[in-house]
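Since every read-out is calculated from the coordinates, none of them should be taken as a lab result. Small disclaimer: the values here were computed from a predicted structure and weren't measured. Note: ideal-geometry Cβ built from the backbone for every residue, glycine included; neighbour counts use all protein chains shown.
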Amino acid sequence: MLTKETIDFLKKLDKNNEREWFQANKRLFESAKDNVTAFAGELIGLVSKFDEDIAGLDPKDCIFRIYRDVRFSNDKRPYKNNLGGYLAPGGRKSMQPGYYFHVQPKMYFIAAGKHMPDATELRKIRNYIAENTKELLKIIEAKKFRELFGELNGDRLTRPPKGFDAAHPAIEYLKLKSFTVSRDFTEKEVLETSYPKLIADSFKTAYPLIEFLRRALK
């Protein structure tokens with residue numbers, strides 16, 4: 001489970017985002033990172049019960065670095081004010097359809113799906129949606145799916161993508177540039193011992209979408 005000490009570290013980092021403070025409190029960071037890594041390991045164990053492609057993942061391969069790349073940014077703060085991980089075949093670098101968890105004071109959420117596919121992937125997903133519209137609608141219009149996640153998230157084109165009929169029954173989904181869902185949580189929920197299972201149950205509800213997207217990209 002996630003600890004209050006991890007949350008407290010991120011709150012302090014948000015107010016002291018500078019190298020001197022970070023180096024002086026490196027021990028707190030290492031403890032928080034270890035906690036989030038262990039949390040990822042717990043999630044891998046739970047998620048792999050329904051998604052065997054997640055089984056055997058190394059939690060360390062799923063956790064994102066806290067260091068920011070500031071070379072091309074006007075924001076020169078050296079550290080992210082959050083910790084998180086991505087569970088997908090191959091870990092965070094693979095960017096295959098998978099599951100994300102985000103730990104940040106006042107912004108605790110999970111997400112699942114495929115974020116910002118490249119042009120080739122986007123074409124594959126759109127073609128698959130166009131050819132398997134009924135299956136997609138059955139997934140995203142299921143009662144529990146809607147209750148937990150609402151609609152598919154992501155920026156949309158204002159016009160139908162090239163090669164697709166504006167009258168297609170899935171045209172609003174074909175306009176999407178990302179294919180993800182998300183769910184927010186409170187800090188109270190995050191610190192409860194039941195939180196890993198709560199996330200895993202949510203990911204299980206999103207699994208049919210993950211499976212759909214993985215097939216689209218084969």
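Some observations on this one:
- With the charge dipole of segment 4-216 set up from +1 on Lys and Arg Cβ and -1 on Asp and Glu Cβ about the Cα centre, the Cα lying farthest toward the positive end among the listed residues Thr180, Pro196, Gly45 is that of Thr180.
- Test item: Cα-centred dipole of the chain, Lys/Arg +1 and Asp/Glu -1 on Cβ, debye: 560
- Under 17 Å of direct C-alpha separation, and excluding same-chain neighbours fewer than eight residues apart, Lys60 reaches these lysines: Lys33, Lys93.
- Scattering from the chain was approximated by placing one identical point on each alpha carbon and applying the Debye formula without solvent; log10 I(q)/I(0) at 0.12, 0.13, 0.16 1/Å stands at -0.69, -0.80, -1.11.
- Lys/Arg +1, Asp/Glu -1 at C-beta; segment 4-216 dipole; positive extreme among Tyr207, Ile54, Thr133: Thr133
- A cut-off under 10 angstrom between Cβ atoms defines the neighbours of Gly90, and their net charge, with Lys, Arg +1 and Asp, Glu -1, is 0.
- Nearby aspartates and glutamates by direct alpha-carbon distance to Lys138 (threshold 18 angstrom, same-chain neighbours under 8 apart not counted): Glu147, Glu151, Glu172, Glu211
- Neighbour cut-off at most 11 other Cβ (10 Å), DSSP loop, trypsin sites (Lys or Arg not before Pro), segment 139-170: Lys162
- Crossing angle, helix 4-15 versus the chain [Cα axis fit, 0-90 degrees, rounded to tens]: 90
- Loop GluC sites (Glu not before Pro), segment 7-71, which have at most 16 other Cβ atoms in a 10 Å radius of their Cβ (DSSP): Glu18
- In this rough spin-label picture, where each label sits 7 Å from Cα along the Cβ direction, the Val70-Glu147 distance is 4.6 nm.
- Net +/- balance of residues flanking Lys114 in space, Cβ distance below 11 Å, scoring K and R +1, D and E -1: +1
- A cut-off of 5 Å between modelled amide H atoms, ignoring neighbours fewer than 5 places along the same chain, links Lys114 with Phe179, Thr180.
- Length added when fully stretched, Ser48-Thr120, from 0.36 nm per residue minus Cα-Cα: 23.1 nm
- Couplings 3J(HN,Hα) of segment 26-39, computed from phi: 4, 4, 5, 5, 4, 5, 5, 5, 4, 5, 5, 5, 5, 4 Hz, in residue order, whole Hz [Karplus 6.51 cos²θ - 1.76 cosθ + 1.60, θ = phi - 60°; x for Gly and Pro].
- Put a dot 7 Å past the Cα of Thr158, heading toward its Cβ, do the same for Glu18, and the two dots end up 4.4 nm apart.
- Relative contact order (percent, whole number), segment 1-65, Cα cutoff 8 Å, 6+ residue spacing: 32
- Of all aspartates and glutamates in the structure, the ones whose alpha carbon falls short of 13 Å from that of Lys144, not counting any fewer than 8 places away in one chain, are Asp201.
- The alpha carbons of segment 1-104 give a radius of gyration and a Dmax of 14.7, 44 Å, in that order.
- Summed side-chain charge close to Leu136 - residues other than Leu136 whose Cβ falls under 15 Å, Lys, Arg +1, Asp, Glu -1: +3
- Computed from phi, the 3J(HN,Hα) profile of segment 107-114 under the Karplus parametrisation 6.51, -1.76, 1.60 (θ = phi - 60°) reads 8, 9, 7, 10, 8, 8, x, 10 Hz, with x in place of Gly and Pro.
- Taking GluC sites (Glu not before Pro) across segment 91-139, none is in a DSSP loop with at most 15 further Cβ atoms lying within 10 angstrom of its Cβ.
- 3J(HN,Hα) couplings calculated from phi for segment 196-211 with the Karplus curve 6.51 cos²θ - 1.76 cosθ + 1.60 (θ = phi - 60°) are, in sequence order, x, 5, 4, 5, 4, 5, 5, 4, 4, 5, 7, 4, x, 5, 4, 4 Hz; Gly and Pro show x.
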